[in-house]
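Below is one structure, written out as structure tokens, with a few remarks after it.
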């Protein structure tokens with residue numbers, strides 16, 4: 001859990017186990033916090049002077065186990081995405097100004113001077129939306145425009161681009177089986193895109209698209225619905 005100036009670990013009944021205080025976010029910026037597959041807590045926090053860092057925290061005390069600075073100024077939103085093999089992808093958006101991504105893996109050494117393993121994407125205009133089932137590919141959408149990119153991981157090299165003219169995605173895309181399912185923002189339809197980049201319109205709801213295991217969730221104000229391809 002994150003407050004404007006602290007990351008907090010809560011007990012099951014809601015009491016606070018510990019708080020990790022940090023500098024205040026500038027403007028409307030906000031970070032994120034997550035557990036990795038080993039149950040270790042992490043967070044992205046500001047450190048002042050317009051700089052940020054990723055910290056790995058001790059689950060019992062909230063003390064810093066490892067950290068690493070990243071180039072990040074005033075994020076409008078951040079989303080962690082479990083990659084497998086210890087890696088967590090972090091997608092960051094600054095509205096229409098920029099979109100970046102990092103991959104973080106925890107450090108087994110418990111030393112304040114140790115550094116996290118961090119991979120930083122070299123782009124500033126793609127949003128990380130999903131991870132392939134084997135963890136060796138990732139899916140991104142263009143910050144502005146109708147391009148989907150399938151990239152290798154950890155190299156992040158381009159494997160396949162899907163361009164849809166006069167369209168936008170707004171993060172709405174994920175892997176489902178051998179297809180990519182995407183929400184076309186301007187046409188207000190959901191499509192499955194096959195290996196030959198052909199679009200197949202799906203008769204599904206119009207809620208927010210969230211990746212799930214070989215399927216996706218349609219998120220609305222009133223609930224969740226899970227969809228899969230036949």
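Can you pull the one-decimal nm distance between simple spin-label points at residue 187 and residue 125, each 7 Å off the Cα toward Cβ?
Placing both labels 7 Å beyond Cα along the Cβ direction yields 2.3 nm.
At what distance in nm do the modelled label points of residue 214 and residue 96 sit from each other, each positioned 7 Å from its Cα along Cα→Cβ?
With each label placed 7 Å out from Cα toward Cβ, I get 4.1 nm.
Obtain the nm distance between the two label points defined at residue 6 and residue 117 by a simple spin-label model: each point lies 7 Å from its Cα along the Cα-to-C-beta direction.
Those two pseudo-labels are separated by 3.3 nm.
If packing is taken as the average number of other Cβ atoms within 10 Å across a peptide's residues, how do 158-171, 85-98, 213-226 rank, most packed first?
85-98, 158-171, 213-226
Mind running the shape call on the chain? Use the C-alpha gyration tensor, a ≥ b ≥ c as the square roots of the eigenvalues: rounded below 1.5 for a/c, prolate if a/b tops b/c, oblate otherwise.
prolate
Rounded to the nearest 0.05, what FRET efficiency is calculated for residue 195 and residue 222 with R0 set to 45 Å and r the Cβ-Cβ distance?
0.80
Provide Rg and Dmax in Å for the range 125-230, with only Cα atoms included in the calculation.
12.8, 40
Compute the relative contact order of the chain as a whole-number percentage, counting only Cα pairs closer than 8 Å that sit 6 or more residues apart in sequence.
Contact order relative to length: 9 percent.
Taking R0 as 35 Å, what's the FRET efficiency between residue 15 and residue 49 from their Cβ-Cβ distance, rounded to 0.05?
With a Förster radius of 35 Å, E is 0.55.
Relative contact order of the range 1-121, please, whole-number percent, based on alpha carbon pairs below 8 angstrom and at least 6 residues apart.
This gives 18 percent for the range 1-121.
If you count, for each residue, the other Cβ atoms within 10 Å and average over each peptide, how do 70-81, 13-24 line up from highest to lowest?
With the highest mean Cβ count within 10 Å placed first, the list reads 70-81, 13-24.
Since every read-out is calculated from the coordinates, none of them should be taken as a lab result. Predicted, not measured: the structure shown is a model, and the values here were computed from it. A quick note on method: Cβ atoms are made from the backbone with ideal geometry, for glycine too, and the neighbour counts reach across all protein chains shown.
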